[in-house]
Amino acid sequence: MEKETPPNPKERLIRGYETMLRRVKEAMDQLQDKASPAVHEHISKAKQKAVELEELTEEEAQKIVVYLQRDLHDVGVFLQDAKKVIGDWVYFDVQVVEDKLLRMFAQVADKTSLEIFEFKQQLKMDQETRENYRAGEVTGIGTLQCKHCGHLQHFDKVSHIPPCPKCQEGLFKRESA
């Protein structure tokens, strides 16, 4: 069976993100109570599989690992600190959100929220990487706010982050409510 190659590098990253998130979610479904300590292991396995199957280069897969860790961390922190439902995290009408992706995020995040302290300790990302989203990166569902002008950009599916349409700057933060 011949692999379908996405038409461009941006589409490859978006498809890779969705595929790796699906693989992590499937693995997490099997873990139940031991989800938090295993998140990084399964992200690593999803990355290795994407590289082995030549779906992504090592560099592309590593970028997606960072994006997944950042987004899962944000969901976990939000659920722990705010004690709100995932619908509030995405900040806009959940009717617009792809149901499949929302369910995957919710299931992974819910399993990790019980052990969020350990999850935070395991994250190897520095503070700037976690707090800053940059134009050109891939992000999951939710809302990002331009750090320069405050403009909000809503993402209802896995997407590349474009420059701010209002000021053309490229640095954003997650808006959670």
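Just so it is clear, none of the values below were taken in a lab; they were calculated from the coordinates. Note that this is a predicted model, so its numbers are computed, not measured. Note that each Cβ is placed from the backbone with ideal geometry, even for glycine, and that neighbours are counted across all protein chains shown.
Put a dot 7 Å past the Cα of K166, heading toward its Cβ, do the same for R134, and the two dots end up 2.3 nm apart.
Seen from P162, the other residues with C-beta closer than 12 Å to its C-beta sum to a net charge of +1, counting Lys and Arg as +1 and Asp and Glu as -1.
Proximity of backbone amide H atoms, modeled 1.01 Å from N, is registered between S159 and T139 at under 5 Å, excluding neighbours fewer than 5 places apart on the same chain.
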